[in-house]
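Since the structure comes first, as structure tokens, the remarks are kept for the end.
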Amino acid sequence: MENLPSFKEVPNSERPNLFVRKLRLCSIICDFTEGAGNDRDKEIKRQTLLELVDYVNSAKQPFVEAIMPEVVNMVSANIFRPLPTRSRETPFDPEEDEPILESAWPHLHIVYEFFLRFVVSGSTEAKVARKYMDTALITRFLELFDSEDPRERDYLKTILHRIYGKFMPHRAFIRKAISNVFYRFIYETERHNGVAELLEILGSIINGFALPLKDEHKQFLSRALIPLHKPSGACIQQYHQQLSYCITQYLEKDPKLADVILRGLIKYWPHTNSGKEVMFLNELEELLELTQSTEFAKVSEPLFRLIARCINSPHFQVAERALFLWNNEYIVSLIAKSRDIILPVLFPALEANTSKHWNSTVHGLTFNVQKLFMDMDARLWEECSQRHKINMERAAQAQVARKQKWEQLERAAAQKIGAH
């Protein structure tokens with residue numbers, strides 16, 4: 001590998017040509033596998049990459065178009081490579097496994113730094129550069145988000161966000177490409193390392209959406225973001241915080257979306273994963289704090305059927321978290337306005353808890369909620385109590401009748417056998 005002169009050693013007129021020569025030198029890939037050697041070449045390339053970063057940082061004049069393909073070729077040669085893969089039998093678990101770190105990181109991180117500086121530089125004109133930083137490059141760039149190396153994903157996140165900000169004609173394509181990554185993750189693989197980082201970018205993008213929201217942006221919410229609640233608890237744990245932020249951003253922008261969002265949460269509510277249920281209950285509280293009473297009323301019945309089930313959960317953390325919703329004054333005010341719908345749905349669950357739940361903390365919280373409803377509307381409480389008694393009596397009578405019927409059938413069967 002040739003050791004080229006530094007930029008300081010050549011006159012200003014020669015520097016653009018030297019820049020291209022250095023880009024071409026850095027397109028040569030060094031082997032970082034153990035025992036590969038070539039330490040001298042690696043050091044020459046590392047120093048050259050650092051010089052390229054400095055050159056871009058200190059550029060005063062706009063970069064000419066002839067430089068653009070050279071930059072894209074150098075960056076592409078270094079970053080686009082097959083990512084290390086694991087077997088399907090032993091998928092990567094961020095909680096348990098160490099990520100596979102990129103062995104070429106001593107060079108790769110400077111290439112990413114150079115690309116970031118080049119994208120944000122005032123000398124890089126968007127109209128000229130976008131021909132070369134095209135949709136094909138962005139598609140390949142998005143594929144790298146599946147890297148296990150968190151350092152790489154962090155650079156990818158920052159650079160993609162800057163590309164989105166600088167190249168306006170690419171914005172719709174980037175949103176569509178991200179939604180395609182999500183579709184594949186949700187409905188095919190349930191394996192992707194970069195969902196959290198992509199959602200972080202989207203959180204910032206959604207924040208900048210103009211009002212009223214376009215139909216395309218609402219479709220993105222209903223088709224790509226809400227279904228991200230579907231994957232298993234171990235998957236969703238890696239990105240739930242970022243997902244929740246994106247969805248609350250939508251609700252802050254347009255409160256009328258509460259109905260769609262809450263029904264989506266109900267649709268994907270877990271039935272057998274208590275950790276995921278607690279996660280969803282946390283998100284639900286955040287969403288309800290941003291929900292207006294008219295939208296809340298539309299979804300109150302199915303929502304509180306679900307909460308009633310959570311209140312009766314044998315897992316004390318789920319029951320406890322559901323009952324904690326009544327500690328939120330704003331949520332209590334919403335419940336008060338729709339109490340005629342909510343209390344008849346909740347009453348049996350609250351009564352069951354007082355006599356059947358094993359956990360003393362859940363007992364105490366249940367009594368607090370009952371007292372709150374009594375103080376809120378004593379007449380309605382009494383009506384629900386009477387209706388519940390009648391229903392319990394009917395259920396007991398039906399059980400007795402069913403038992404008698406079975407006894408009759410058993411006697412008839414015994415007589416038939418005796419007759420033979």
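The values are calculated or read from the model by the stated rules, or taken from the named source; none is laboratory data. Note that the coordinates shown come from a computational prediction; the quantities given were computed from them, not determined experimentally. Note: ideal-geometry Cβ built from the backbone for every residue, glycine included; neighbour counts use all protein chains shown. Note: accessible area is taken over every heavy atom of the protein model, side chains too, but ligands, DNA and RNA are not part of it. Shrake-Rupley method; radii C 1.70, N 1.55, O 1.52, S 1.80 Å.
Based on DSSP H runs of at least 4 residues, each adding -39500 (n - 2.57), what is the mean residue ellipticity at 222 nm of the chain after dividing by all its residues, to the nearest 500 deg cm²/dmol?
-21500 deg cm²/dmol
Evaluate Rg over Rh across the range 285-385, taking Cα atoms for both radii and Kirkwood's formula for Rh.
Value, to two decimals: 0.94.
Can you give the extra length, in nm with one decimal, that the chain gains between Glu2 and Trp358 once fully stretched, where that is 0.36 nm per residue apart less the Cα-Cα distance?
On the way: separation 356, 0.36 × 356 = 128.16 nm, distance 7.55 nm.
The span from Glu2 to Trp358 would gain 120.6 nm if fully extended.
Points 7 angstrom from Cα along the Cβ direction at Ile266 and Ser333: gap in nanometres?
2.4 nm
If DNA, RNA and ligands are ignored and the probe is 1.4 Å, what is the ranking of Trp381, Trp358 by accessible area, most exposed first?
Greatest to least solvent exposure: Trp358, Trp381.
What's the carbon and sulfur percent of the chain's accessible surface, probe 1.4 angstrom, rounded to a whole number?
Result for the chain: 51 percent of the exposed heavy-atom area is carbon or sulfur.
Angle between the Cα long axis of helix 67-79 and the longest principal axis of the chain, 0 to 90 degrees, nearest 10?
The two axes meet at around 60 degrees.
Evaluate Rg over Rh across the range 162-225, taking Cα atoms for both radii and Kirkwood's formula for Rh.
Result: Rg/Rh = 0.96.
When a/c is below 1.5 the answer is rounded, else prolate if a/b is larger than b/c, else oblate, so apply that to the range 230-344 with a ≥ b ≥ c taken from the square roots of the Cα gyration tensor eigenvalues. Don't skip to the end; give the middle numbers.
Details: a/c = 1.79, a/b = 1.14, b/c = 1.58.
It comes out oblate by the Cα gyration axes.
If you wrap the range 354-420's Cα atoms in a convex hull and average its projection over all directions, what's the area in nm²?
With every direction weighted equally, the projected area is 6.4 nm².
Report the rotationally averaged projected area of the range 341-388 based on its alpha-carbon convex hull, in square nanometres.
Orientation-averaged projected area of the Cα hull: 3.1 nm².
Relative to the longest principal Cα axis of the chain, at what angle does helix 15-25 sit, 0 to 90 degrees, rounded to 10?
Helix 15-25 sits roughly 60 degrees off the main axis of the chain.
Which one of Trp406, His363, Ser338 has its Cα pushed farthest toward the positive end of the charge dipole of the chain, where Lys and Arg give +1 and Asp and Glu give -1 at the Cβ?
Value: Trp406.
I need the fraction of alpha carbon pairs in the range 106-175 separated by more than 16 Å, rounded to a whole percent.
47 percent
Could the peptides 323-330, 17-24, 401-408, 3-10 be put in order, highest first, of the mean number of other beta-carbon atoms found within 10 Å of their residues?
Values: 323-330: 14.5, 17-24: 17.1, 401-408: 10.0, 3-10: 12.6.
Highest to lowest by the protection proxy: 17-24, 323-330, 3-10, 401-408.
In terms of the Cα gyration tensor, with a ≥ b ≥ c the square roots of its eigenvalues, is the range 91-212 rounded because a/c is under 1.5, prolate because a/b exceeds b/c, or oblate?
oblate
Below 14 angstrom from the Cβ of Ser313, what's the summed charge of the other residues (Lys, Arg +1; Asp, Glu -1)?
Details: positive: Lys276, Arg305, Arg309, Arg321, Lys356; negative: Glu277, Glu320.
Within the 14 Å Cβ shell, the charges total +3.
With a cut-off of 8 Å between alpha carbons and a minimum separation of six or more residues, what is the relative contact order of the chain in percent?
Computed value for the chain: 9 percent relative contact order.
Write down the accessible area per residue of the chain in Å², having rolled a 1.4 Å probe over the full set of protein chains.
Per-residue accessible area for the chain comes out at 52 Å².
Just to be sure I understand: if I project the alpha-carbon convex hull of the chain onto a plane and average over all orientations, what area do I get in nm²?
31.3 nm²
Say R0 is 45 Å: what FRET efficiency, to the nearest 0.05, do Val64 and Ala234 get from their beta-carbon distance?
Details: r = 50 Å, r/R0 = 1.12.
Approximately 0.35, to the nearest 0.05.
How far, in degrees from 0 to 90, does helix 171-184 lean away from the longest principal axis of the Cα atoms of the chain, to the nearest 10?
50 degrees
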